[in-house]
Amino acid sequence: MQAYLVLVRRELGAYFVSITGYLLVSMVLFLVGLSFVDILGKLNVEPTDAPITEQFFVTVYFWMILLLTAPVMTMRTFAFERSAGTYEALMTSPVNDWQVVLAKFTGSQLVYLIAWLPLAFYLVVVSQFSNDASILNIRTLASTFGGLLLIGSVFISMGCLASALARSQVIAAVVTYGLGLGLFLLSLRSLMETPAEGWTGDLLQYVSMTEHMEAFARGAMDTRPMVLYASLTVFFLFLTTRIVEFRRWK
Amino acid sequence: MIEVIGLRKEYPGCPAVGDVSFTVPAGGIVGLLGPNGAGKSTILKILSGYMPGTHGTVRVAGFDVFHQSAEVRKRIGYMPENNPLHLDMRVKDYLTFRARLKGMGAREIRDRVAAVLDQCDLIGVDRRVIGQLSKGYRQRVGLADALVAKPELILLDEPTIGLDPNQIRSVRELILSLGCNYTVLLSTHILSEVEITCSHVIILNQGKVLASGTKQNLLDGLGGGKEIHVELAAPESALREILATIEGLEHFDLKPVGEGYLGCVLKVRPGFDLRPVLFEMARERGWVLRELTQVRQTLEDAFVRVIRDHSQDQS
């Protein structure tokens with residue numbers, strides 16, 4: 001446990017000692033800011049009964065943030081350590097492979113959550129200027145951040161896997177982006193005017209991140225997407241651990 | 001401390017280590033000596049648990065590096081080639097981080113970090129960022145990292161590579177001081193380094209152990225002995241006759257060096273000192289002796305000879 005906590009701390013330090021962490025937070029702040037302006041503009045033109053969180057998640061900015069942050073955050077986890085040579089020092093320390101993988105995942109996940117924190121501030125600001133108290137409640141806020149955490153976990157675990165596989169950080173980032181974009185496009189497929197019939201339609205709807213995120217943003221805490229995202233995260237982390245073990249013992 | 005039996009390591013299409021066996025006793029500094037590409041770094045990577053061998057058994061402190069890798073990693077301090085460090089961290093923070101990672105307690109960490117900072121002469125730079133340090137200081141940080149958890153075995157891969165002569169000297173002195181308290185396996189291709197720091201030597205070439213033992217045993221076993229260079233004015237035939245009768249003389253070469261002098265290179269068996277005998281021989285016969293020099297064979301001579309013989313055998 002000590003090794004895991006030490007490595008998580010080191011991961012956080014690595015993000016915020018270098019410019020990477022600040023760039024990430026700035027990028028997310030900028031895009032969240034743009035979406036905030038966008039939502040305010042729309043609300044001025046056409047009032048709506050939908051929760052403010054749901055308004056945010058139908059903008060393109062949210063998915064841009066999700067698709068861009070995960071590759072940038074996770075590309076350095078393994079690929080950078082290997083190129084810098086510090087991976088050898090790390091893997092010859094008395095730590096388990098799963099501790100290393102889990103610490104790198106947790107570190108990235110925490111940075112991801114830190115980057116999203118300003119969103120809560122924006123939501124509070126909007127609710128302060130609204131007469132309708134139901135526009136934002138704790139349940140909606142919790143389910144929104146729960147959804148963010150779960151979908152982010154999938155993207156980050158995918159990024160860790162790509163970084164463990166790739167020799168170069170750039171390749172790791174491109175692979176993560178490609179995988180994320182693939183999942184996103186699969187989600188869009190279920191929103192098409194003529195959805196697929198039969199089991200393919202059901203499957204597409206079951207894996208549709210856009211629908212799930214909208215539901216989370218409405219305050220609907222459905223266990224099915226929760227199980228899906230938790231399973232996918234565990235699956236990708238398991239694969240990452242196997243890759244790390246394979247690299248050690250090949 | 002280290003037991004390597006029949007170790008082989010093959011990279012795809014390229015054997016890196018071929019059937020290597022050696023043992024390293026506890027205590028002292030052992031040099032793993034060999035030219036570039038001899039398999040030194042690969043052996044150190046296997047010993048440190050970074051990668052497995054393809055065949056064979058490797059034990060460190062009685063633990064198998066493959067099956068009991070975690071136990072082995074608890075007992076070693078490893079400084080890889082090129083000394084990779086987190087350049088964004090401060091020296092003291094880095095050592096504290098490494099000590100924590102190695103499972104040390106808070107109080108122990110404070111004491112050990114202070115001790116290794118002192119031992120490695122890093123006190124004045126402990127708050128500096130590692131990326132801003134000179135190469136010599138970075139090597140010291142790498143050594144301090146290897147030392148911080150009081151390991152039973154320290155593995156150092158080319159610790160003085162890329163340093164200037166002053167830095168090399170200070171890092172060597174530091175390594176030399178470790179020999180009293182730790183078992184150190186030092187991989188290098190620099191002969192003078194081994195000559196100065198190591199008590200035992202293992203010579204590797206093309207993934208095979210060509211010789212191993214103490215420095216003196218190695219020189220003796222390789223026919224090291226001594227050479228005596230003599231220049232004297234004497235009739236060649238008479239000199240040849242007398243030299244052939246001298247006990248302890250293994251081999252000699254004679255050639256004229258001008259002005260009526262003969263130059264002799266005498267190969268002496270270990271345990272004999274023929275300088276008084278040669279002096280008496282010249283004095284009794286009235287031969288003018290203008291040079292009598294004993295040249296000790298160095299490890300470099302032995303190394304070059306072993307590598308050359310091995311290469312000739314291969315070809």
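The values are calculated or read from the model by the stated rules, or taken from the named source; none is laboratory data. Nothing here was measured: the structure is a model prediction, and the numbers come from that model. Positions of Cβ are generated from backbone atoms using ideal geometry, with glycine treated the same way; all protein chains shown enter the neighbour counts.
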(Q) Here is a check on your reading of the model: is B:Ile161 under 17 Å from the mean Cα position of the chain (by Cα) and within 14 Å of chain A (Cβ to nearest Cβ)? (A) yes
Q: For A:Met64, indicate whether it is farther than 18 Å from A:Cys160 by Cα and within 14 Å of chain B (Cβ to nearest Cβ).
A: no
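For (1) assigned by TED's automatic domain parsing to the domain that holds B:Asn36; (2) in a strand (DSSP E or B); (3) modelled with pLDDT of 80 or more, each residue gets a yes or a no:
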site: B:Glu231; (1), (2), (3): no, yes, yes
site: B:Glu241; (1), (2), (3): no, no, yes
site: B:Ala244; (1), (2), (3): no, no, yes
site: B:Val257; (1), (2), (3): no, yes, yes
site: B:Val265; (1), (2), (3): no, yes, yes
site: B:Gly271; (1), (2), (3): no, no, no
site: B:Pro276; (1), (2), (3): no, no, yes
site: B:Arg283; (1), (2), (3): no, no, yes
Q: Out of the residues in the range B:164-188 that are in a helix (DSSP H, G or I) and over 17 Å from the mean Cα position of the chain (by Cα), state the one that is nearest to B:Ala99 (Cα to Cα).
A: B:Gln167
Q: Name every residue in the range A:13-28 that is surrounded by fewer than 16 Cβ atoms within 10 Å (Cβ to Cβ) and more than 12 Å from chain B (Cβ to nearest Cβ), in order of residue number.
A: A:Tyr22, A:Leu23, A:Ser26
Q. Would you say B:Gly103 is on the phi > 0 side of the Ramachandran plot and out of contact with any strand residue (DSSP E or B) (no Cβ under 8 Å at 6 or more places or on another chain)?
A. yes
Q: Please work out which one of (1) at positive phi; (2) acidic (Asp, Glu); (3) surrounded by 18 or more Cβ atoms within 10 Å (Cβ to Cβ) is the condition B:Asp157 fails and give its number.
A: (1)
(Q) Which condition from (1) of a type in the set (Lys, Arg); (2) loosely packed, with under 15 Cβ neighbours inside 10 Å; (3) within 14 Å of another protein chain (Cβ to nearest Cβ) is the one that A:Arg10 breaks? (A) (2)
Q. Which of (1) closer than 22 Å to A:Arg167 by Cβ; (2) assigned to a helix (DSSP H, G or I) does A:Arg76 not meet, given it meets every other one?
A. (2)
Q | Residue under evaluation A:Trp116, criteria (1) under 18 Å from A:Thr144 (Cβ atoms); (2) without any contact (Cβ under 8 Å) to a residue 40 or more places away in the chain, criterion not met | A | (2)
Q.
I'd like the residue in the range B:56-82 that is more than 25 Å from B:Pro15 (Cα to Cα) and facing chain A (nearest Cβ under 8 Å) and, out of all such residues, is nearest to the chain's Cα centre (by Cα).
A. B:Ile76
Q | Flag if A:Ala162 is in a helix (DSSP H, G or I), within 14 Å of another protein chain (Cβ to nearest Cβ) and modelled with pLDDT of 90 or more | A | no
Q | Condition met for B:Leu44 (within 30 Å of B:Glu300 (Cα to Cα), outside any strand (DSSP E or B), within 14 Å of chain A (Cβ to nearest Cβ) and of a type in the set (A, V, I, L, M)) | A | yes
Q. What is the one condition in (1) under 22 Å from A:Val8 (Cα atoms); (2) among the hydrophobic types (A, V, I, L, M, F, W, C); (3) not in a loop (DSSP other than H, G, I, E, B) that A:Leu67 does not satisfy?
A. (1)
Q | Verdict on B:Leu262 being surrounded by 16 or more Cβ atoms within 10 Å (Cβ to Cβ), over 13 Å from B:Lys226 (Cβ atoms) and in contact (Cβ under 8 Å) with a residue 40 or more places away in the chain | A | no
Q) Just one of the numbered conditions (1) more than 15 Å from A:Leu90 (Cα to Cα); (2) in contact (Cβ under 8 Å) with a residue 40 or more places away in the chain; (3) aliphatic (A, V, I, L, M) is not true of B:Ala114; which one? A) (2)
